[in-house]
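The block underneath contains the structure these notes are about, expressed in structure tokens.
The values are calculated or read from the model by the stated rules, or taken from the named source; none is laboratory data. For clarity, every value in this text was computed on a predicted model and none was experimentally measured. All Cβ positions, even for glycine, are placed from backbone atoms using ideal geometry, and neighbour counts span all protein chains on display.
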């Protein structure tokens, strides 16, 4: 088994956020600019703290006066200080690799792309490090990138392109499949027209009586504390989403069901949302617990509560990146982006998601 991965350093490199003062912001103070243009990053007092810390420059000069007046065209840079990111796996099993792509078995707990607290500890970072230490890399292999996402708590098959042409082709496969959703397709037709098919394993709370369930419900975005871009939930006004669920095993004693899920679309958190929508949330899911939405929306950010770096404290309510559920991208069948040969890639199952006969 080939693996890639380098242990994470204790601290990341921090971040730099760039802004250019527009005509509409000319004449406002530095603190007014940041508190009004980036309120989701920090409250007013947090931005004052960052300015006093010398974390902001104007045209290359460090500024500590929050009341300095800005001029149009000035370049502002906010330096987010390095921080220790939460504990995260770093080893990635390679399931398949050629000149066009590398397919990984992503572990639960590892984020695919940078976001939130995880700016360095991501799959993308490990791919970059892998290429940089590989002396045999050719120019076409210099920028491997994931072409789709798996939730941080989701494990399994992750497709990554090595070349621009492979990235474009694989991305088109996912886009084509999503575009089919909403068309009049029979149960047996799901997946037949696709150049890529994804099959997941999941463990849900409760006993699903019927052997197969087809869930065709849209998914949209709602405002939610601590999630700046909003939370994906089951929403009638959302985008079409289709999931086919098949029962594999029922455990009456533990009141849980092992299922296989084939998704026609690829909306964020689709399987978690759809299964909770029909009354069977993923076992251990801290967020989606009932009706395809979080349990409650009643918490709000309090402006006076901010973290050491001036930003908001971590939300007390669960957020999408929280782990604890059991979901695994088990199989992906696709047409190779260059040869068009049909190939099936399988990621070994975690123990919790194996059938009794598979576990023996």
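Among the residues making up region 16-44, those that are at pLDDT below 90 and surrounded by 14 or more Cβ atoms within 10 Å (Cβ to Cβ) are 39, 41, 42, 43. Is there a residue being part of a loop (DSSP other than H, G, I, E, B), surrounded by fewer than 19 Cβ atoms within 10 Å (Cβ to Cβ) and modelled with pLDDT of 95 or more anywhere in region 94-104? No - not one qualifying residue is present in region 94-104. The one condition from (1) out of contact with any helix residue (DSSP H, G or I) (no Cβ under 8 Å at 6 or more places or on another chain); (2) at negative phi; (3) in contact (Cβ under 8 Å) with a residue 24 or more places away in the chain that residue 125 does not meet is (3).
Scanning region 38-49 for residues that are within 17 Å of residue 228 (Cα to Cα) and touching a strand residue (DSSP E or B) at 6+ places or on another chain (Cβ under 7 Å) yields 40, 42, 43, 46. In region 221-232 there is at least one residue matching the filter, namely being in a strand (DSSP E or B), surrounded by 15 or more Cβ atoms within 10 Å (Cβ to Cβ), touching a strand residue (DSSP E or B) at 6+ places or on another chain (Cβ under 7 Å) and free of Cβ contacts under 8 Å to residues at least 60 places away in the same chain. Look through region 59-88, keep the residues that are without any contact (Cβ under 8 Å) to a residue 24 or more places away in the chain and part of a loop (DSSP other than H, G, I, E, B), and return whichever of them is farthest from residue 3 (Cα to Cα). Among them, the one singled out is 64.
From the list 318, 350, exactly one residue is within 30 Å of residue 147 (Cα to Cα), surrounded by 15 or more Cβ atoms within 10 Å (Cβ to Cβ) and modelled with pLDDT under 80. Which is it?
Only one candidate qualifies: 318.
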